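In what follows, a structure is listed as structure tokens, so that the remarks can point back to it.
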Amino acid sequence: MSPPPSPPGPSPSDPGVPETLEGDGTARDISGNDLPVRHGSPFAASPPDPAADINAQAVATRGRDFDPEWGVLRAANWASAWVAICGLACLQYFPEGGVIVAALGCGLATLGLFSSRAMFAAVLLALHAWLFFACYQRLF
């Protein structure tokens, strides 16, 4: 019996088909240039980037990692304090708006509870809750 015919396909003489020369395991194209050969699992994590390590060191401040949310949370505390002043003014002159302003202050103070000044935010939250109910009572 004769062996079955091989299926038609690209021949090693095609320019885009890599071939192994001299049995050393180096993949080369037809012009003799080395082709990159990936070893290992295609799902493995890539090796760490040295530039990322330098950036991580530059971002670290005083032994703590820089957290971009830290500034937002502290700013929420300050905004809540300013809104409390406006809420106190609304209590006297415009209770309808005071309800809305106090609700905004409650949201800001709640966001501020996750900052490094949680006690300050808790006091502001209690103040805004009181302002909300006081303004609401003045409506009727």
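No value in this document is a laboratory result; all are computed from the given coordinates. The structure presented is a predicted model; accordingly, all values stated were derived computationally and were not measured. Here Cβ is always computed from backbone atoms with ideal geometry, including for glycine, and neighbour counts include all displayed protein chains.
For the stretch 81-106, taking the residues that are surrounded by fewer than 19 Cβ atoms within 10 Å (Cβ to Cβ) and in contact with a His (Cβ under 9 Å, 6 or more places away or on another chain), the one that is farthest from GLY71 (Cα to Cα) is identified as ALA103.
Within the stretch 94-120, which residues are in contact with a Gly (Cβ under 8 Å, 6 or more places away or on another chain) and either farther than 26 Å from ARG138 by Cβ or not aliphatic (A, V, I, L, M) (or both)?
Just the residues of the stretch 94-120 that are in contact with a Gly (Cβ under 8 Å, 6 or more places away or on another chain), to begin with: 98, 101-102, 105, 118, 120.
Hits for the stretch 94-120 are GLY98, GLY105, ALA118, PHE120.
Given the options ALA81, ALA118, name the one that is free of Cβ contacts under 8 Å to residues at least 24 places away in the same chain and out of contact with any Asp or Glu (no Cβ under 8 Å at 6 or more places or on another chain).
On the way: ALA81 fails: free of Cβ contacts under 8 Å to residues at least 24 places away in the same chain.
It is ALA118.
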